[in-house]
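Contents: one structure, followed by commentary.
The values are calculated or read from the model by the stated rules, or taken from the named source; none is laboratory data. These figures come from a predicted structure and were not determined experimentally. Every residue, glycine among them, receives a Cβ derived from its backbone with ideal geometry; neighbour counts consider all protein chains shown.
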């Protein structure tokens, strides 16, 4: 463990998890290295050549992981359940134990209930009671309230807050509630105990919750709450790519967005999913942020500077990390003839033709045959 000064002068505790095999090579000048980066370049080093990219990076330690009182406000409580879900389901070989599946279901159900009710509480604190007309502040503060059911929670979110749930989301949430009840009060047996079915349902709910948190909870958080939530979300996002059922579900949902831009979609050096798109100034939603950081992964939500994305692709996708001599620059991206940035990578692959190597620019998205 190490300590470093965080935002506003506060100390931040950082844990280095599962990182090995780093080369003693300096990062090229001018490259902006993000502080939190999956498979990150820690302490200014870049990785040496290796058989497989590292699957775990450094994560900031959350407050709730330190010794202290169990203070869990609603959103922080819900996110902590999701961290537990990700820790139970992430797997390098795609195999998850029956016990881990059990606790993933239980904790996902608890986290879902807490997060959905947190949004009701932002609307009005009485809405989390089964009978809002009889709600009291004292019952809410001491936890003695009888709260609304999961079905009532969804109904109130739709009828009062105006949040719509698709038929698929409603079915997945209902299935999760039934599985939780079975596991908690009796057991999961018969056809409902099928591992693949449980994993798929869990992935669908996780996929829904990530969007729900960003759209319906994030804007209501205070600065201090958001800072703590960001640390939890780093941990959640950092493990999602290792949950195969989630990957399948998420990529299915992203198909409409990624389909039209297949010619400028490549593997993301962070999560290794085929979801990194170089945004162009001709796109409808072009803005100043995208002008500086046009490389965006729709799967892990990482936005990168062109040179950072290009070098990351070289190291983590093409695995060209070893420098043999001081004069060897074969791993260095070339200058793009169109945008003039040093971010064109040879032998890249796009989803439009993954078998064909191209020269791909991470600045403007142009590609040419090698």
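Any residue at all in region 312-322 that's at pLDDT below 75 and either crowded, with 17+ Cβ neighbours inside 10 Å or over 24 Å from residue 246 (Cα atoms) (or both)? Can you show your working first?
Pass one, region 312-322, residues at pLDDT below 75: 321-322.
Filter again for either crowded, with 17+ Cβ neighbours inside 10 Å or over 24 Å from residue 246 (Cα atoms) (or both), leaving 321-322.
For region 312-322, residues at pLDDT below 75 and either crowded, with 17+ Cβ neighbours inside 10 Å or over 24 Å from residue 246 (Cα atoms) (or both): present.
Go through region 197-237 and report how many residues are touching a residue at least 12 places away in the same chain (Cβ under 8 Å), part of a helix (DSSP H, G or I) and touching a helix residue (DSSP H, G or I) at 6+ places or on another chain (Cβ under 9 Å).
Narrowing region 197-237 to residues touching a residue at least 12 places away in the same chain (Cβ under 8 Å): 198-210, 212-213, 216-217, 220-221, 225, 227-229, 231-237.
If we keep only those that are part of a helix (DSSP H, G or I) too, we end up with 198-210, 212-213, 216-217, 220, 225, 227-229, 231-237.
Remaining after also requiring touching a helix residue (DSSP H, G or I) at 6+ places or on another chain (Cβ under 9 Å): 198-210, 212-213, 216-217, 220, 225, 227-229, 231-233, 235-237.
Of the residues in region 197-237, 28 are touching a residue at least 12 places away in the same chain (Cβ under 8 Å), part of a helix (DSSP H, G or I) and touching a helix residue (DSSP H, G or I) at 6+ places or on another chain (Cβ under 9 Å).
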Inset, instruction - Can you give me the number of residues within region 238-253 that are closer than 20 Å to residue 96 by Cα and either in a helix (DSSP H, G or I) or at pLDDT 90 or above (or both)? - result: 10
Legend entry - Residue count, region 210-224 (criterion: closer than 16 Å to residue 77 by Cβ and buried (at least 16 other Cβ atoms within 10 Å of the Cβ)): 4
Legend entry - Tally of residues being surrounded by 15 or more Cβ atoms within 10 Å (Cβ to Cβ) and in a loop (DSSP other than H, G, I, E, B) across region 106-158: 3
Inset, instruction - Select, from 263, 270, 253, 287, the only residue that is surrounded by 14 or more Cβ atoms within 10 Å (Cβ to Cβ) and more than 19 Å from the chain's Cα centre (by Cα). - result: 263
